[in-house]
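*Asks:* This structure is in structure tokens; I'll ask about it shortly.
Quick note: the coordinates plus some simple rules give every number you see, no bench work behind them. Keep in mind that what you see is a predicted model, and the values were worked out from it rather than measured. Note: ideal-geometry Cβ built from the backbone for every residue, glycine included; neighbour counts use all protein chains shown.
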Amino acid sequence: MIFSLKELSELFGKSILERINGVDGVDGVCVDSRKTKPGDLFIALPGERTDGRYFIQQAMDNGAVLAIAEEVEGEVNRGRVIIVKSSRDALRKLAKYNLTKSAEAKYIGVTGSVGKTTTKELIHHILSEQDSLKGKIFATQKNFNSQIGLPICASTMPRNAKFGIFEMGMSATGDIKKLLNIIQPSVSVVSKICEAHSEFFNSVWDIARAKSEIFGTLRGQDAALIPADSPYVDFLRRQASENGVRNIFTFGWQDADASVVSYDCSLGFFRIAAKILGENVEYETHCGGEALIESSLSAILCAHIVSGISIRELAASVGSFTLPYGRGGICYLQDRDIVLIEDAYNACQTSVKNAIRFLARYANRRKVLVIGDMLELGKNSMHYHEDLSATVDKFGIDVVFACGMFAKRLFENLQESKKGIWRENSIELAEKISQEIRDSDCVLVKGSRSTGIEIITDVIKSPNPIIHKANS
């Protein structure tokens with residue numbers, strides 16, 4: 001149980017029955033009536049296209065104990081609805097209240113343009129692998145890092161958690177500052193800052209400024225971890241210092257508090273030699289590319305700072321880490337000897353270049369790039385796509401299959417020998433791709449998730465996939 005009915009009654013100043021349907025509390029918080037589970041508290045949020053108030057009864061039919069709404073719509077059990085002025089404020093109130101009941105927990109905030117979800121998951125994994133901390137580590141689900149997603153996670157954090165790891169996303173200046181009103185991290189980690197989501201900003205500098213809001217907690221943070229190889233490292237260091245951060249650490253490929261000494265991937269996985277806070281350590285990663293190496297440095301360093309567990313013990317846990325779905329995991333299709341790199345969750349020019357560099361390591365296979373549009377890149381979108389043709393040439397990619405109007409610009413810029421097929425959308429490309437992939441290929445599938453590019457991985461994995469077309 002997360003909240004007792006008595007707590008909810010006192011928190012919102014409403015009279016609630018002591019027991020509802022035989023229970024005296026709620027086990028979860030949900031804002032999607034379709035995903036509501038028995039024991040949940042359903043929060044009816046107003047949206048651009050619809051309103052959660054219309055789905056209160058559906059949530060209750062699915063097992064919701066209570067609902068929070070600004071008003072009640074339709075025929076529902078009004079005795080099980082807490083009426084509030086603002087459902088969004090109510091959600092934030094729940095999150096802040098729950099965190100006050102977890103007073104002993106230390107919080108870690110993770111932000112950045114790319115790599116923040118992987119970094120968050122890595123920190124969670126290596127801390128959870130320690131015997132003394134099993135069952136005491138909490139992290140935000142998936143990429144729940146928004147003004148809605150983060151408070152949902154904060155409101156469901158178990159009160160016996162020793163560490164809470166919160167991913168903090170943004171789409172505008174001030175977004176992270178708002179999240180700090182809910183969660184005050186004692187340690188913050190900034191992953192790579194680049195052009196991702198630049199549609200909402202005038203420049204990458206503006207993105208860096210917005211990301212630096214993570215340092216602005218009411219009380220100075222114990223530590224901040226920033227990328228040493230970033231062009232914004234001095235700016236981030238200065239912002240952290242001015243906000244009272246007591247210890248500022250860097251991570252990266254060289255001249256950092258946590259840096260790579262050498263690495264090798266000749267055995268099909270990365271064997272890394274690193275130097276972290278002056279200590280030489282070796283460890284392995286069995287998934288992902290060079291971007292994961294950088295994330296592992298910050299994750300090990302962060303976990304050491306918050307827990308005091310030895311760097312060597314923490315590094316040993318990296319080898320058992322698996323990437324979240326669609327973020328660079330490697331799937332080996334034994335029947336056709338195909339290596340499939342599934343990196344279709346999101347894309348910007350920086351992350352695509354990193355993925356192509358990783359693809360190029362498979363020297364004895366035909367290297368195939370399947371790419372969809374990179375979205376939310378603003379006025380420079382066409383340039384970012386066209387510019388990738390030079391990376392395709394530099395790293396010896398053999399053939400490119402593309403879908404989407406932006407990706408078409410990349411396709412048109414390619415050498416004729418590298419042009420596979422271009423189609424307007426991922427479904428049309430999916431219908432052709434199975435005829436083009438050969439045994440022993442190494443295939444990278446990359447693109448923004450909203451393009452539906454992940455359907456290509458399904459096609460490659462299955463000889464007879466079901467392709468769902470629009471309006472069918």
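*Asks:* Within a 10 angstrom radius of the beta carbon, how do Asp131, Asp257 rank from fewest other beta carbons to most?
*Replies:* The order, fewest Cβ neighbours first, is Asp131, Asp257.
*Asks:* Could I ask something else about it? Per DSSP H run of at least 4 residues, take -39500 (n - 2.57); add these up for the chain, divide by its residues and hand me the 222 nm value, nearest 500 deg cm²/dmol.
*Replies:* The per-residue figure over the chain is -9000 deg cm²/dmol.
*Asks:* Taking H placed 1.01 Å from N in the peptide plane, check which residues at least 5 places from Ala224 or on another chain put their amide H under 5 Å from its amide H.
*Replies:* It is Ser188, Asn247, Ile248, Phe249, by chain and number.
*Asks:* If you take every residue apart from Ala273 with its C-beta less than 15 Å away from the C-beta of Ala273, what net charge results, scoring Lys and Arg +1 and Asp and Glu -1?
*Replies:* Summing Lys and Arg as +1 and Asp and Glu as -1 gives -3.
*Asks:* Quickly rank 317-327, 212-222 as a protection proxy: mean count of other C-beta atoms within 10 Å, highest first. Walk me through the numbers before you get to the answer.
*Replies:* Numbers: 317-327: 17.3, 212-222: 18.9.
Highest-to-lowest ranking by the protection proxy: 212-222, 317-327.
*Asks:* Assuming R0 = 30 Å, what is the FRET efficiency of Asn77 and Ser450, from their Cβ-Cβ distance, to the nearest 0.05?
*Replies:* Values: r = 37 Å, r/R0 = 1.23.
Rounded to the nearest 0.05, the efficiency is 0.20.
*Asks:* Also, quick follow-up: Over segment 3-87, calculate the relative contact order: mean separation of alpha carbon pairs under 8 Å at least 6 apart, over the residue count, as a percent.
*Replies:* That works out to 23 percent.
*Asks:* Using a 10 Å cut-off around each Cβ, can you sort Thr119, Thr100, Thr173, Thr111 from fewest to most neighbouring Cβ atoms?
*Replies:* Exposure proxy ranking, most exposed first: Thr100, Thr173, Thr111, Thr119.
*Asks:* Further, regarding this structure: Out of all DSSP beta bridges with both ends in segment 102-320, state the antiparallel percent to the nearest 5.
*Replies:* Percentage antiparallel, nearest 5: 40.
*Asks:* What list do you get for Val81, Val261, Val29 if you sort them by fewest beta carbons within 10 Å?
*Replies:* On the way: Val81 20, Val261 13, Val29 23.
Fewest-to-most ranking of Val81, Val261, Val29: Val261, Val81, Val29.
*Asks:* Local charge sum around Ile397 (other residues, Cβ-Cβ under 11 Å, Lys/Arg +1, Asp/Glu -1)?
*Replies:* Spelling it out: positives minus negatives among the neighbours equals +3.
*Asks:* Just to confirm a number: summing +1 for Lys and Arg and -1 for Asp and Glu over residues other than Gln254 whose beta-carbon lies under 14 angstrom from that of Gln254, what do you get?
*Replies:* On the way: positive: Lys275; negative: Asp229, Asp255, Asp257, Glu290, Glu294.
Counting the neighbours of Gln254, the net charge comes to -4.
*Asks:* Still on this structure, please answer the following. Taking 0.36 nm per residue of sequence separation and subtracting the Cα-Cα distance, how much length would be gained by fully extending the chain between Gln334 and Arg49, in nm to one decimal?
*Replies:* Result for the pair: 98.1 nm of gain on full extension.
*Asks:* Taking Rg and Dmax of the Cα atoms in Å straight from the coordinates, which label in (1) 23.7, 72; (2) 22.7, 79; (3) 37.5, 135 is the correct one?
*Replies:* (1)
*Asks:* As I understand it, the value is the acute angle between the Cα axis of helix 290-307 and the longest principal axis of the Cα atoms of the chain; what does it come to in degrees, rounded to 10?
*Replies:* 40
*Asks:* Report, to the nearest 10°, how far helix 116-128 tilts away from the longest principal axis of the Cα atoms in the chain, using its own Cα long axis and a range of 0 to 90°.
*Replies:* 70
*Asks:* Please sort 135-143, 148-156, 293-301, 434-442 by packing, taking for each peptide the average over its residues of neighbouring beta carbons within 10 angstrom, highest first.
*Replies:* Going by the mean number of other Cβ atoms within 10 Å, highest first, we get 293-301, 148-156, 135-143, 434-442.
*Asks:* Let me ask something else. Report, to the nearest 10°, how far helix 349-359 tilts away from the longest principal axis of the Cα atoms in the chain, using its own Cα long axis and a range of 0 to 90°.
*Replies:* For helix 349-359, the angle is close to 60 degrees.
*Asks:* Based solely on C-alpha atoms, express the radius of gyration and the Dmax of segment 304-394 in angstrom.
*Replies:* When restricted to Cα atoms, segment 304-394 yields Rg and Dmax of 17.1, 47 Å.
*Asks:* Among 401-414, 82-95, how do they line up by average Cβ neighbours within 10 Å per residue, starting with the highest? Walk me through the intermediate numbers first.
*Replies:* Details: 401-414: 21.8, 82-95: 18.6.
Top to bottom by mean Cβ count within 10 Å: 401-414, 82-95.
*Asks:* Another one. When DSSP beta bridges are limited to those with both residues in segment 3-87, what percentage is antiparallel, rounded to the nearest 5?
*Replies:* 30
*Asks:* Moving on. So, in Å, what gap is there between the alpha-carbon centers of segment 357-393 and segment 247-295?
*Replies:* The two parts, judged by their Cα centres, are 25 Å apart.
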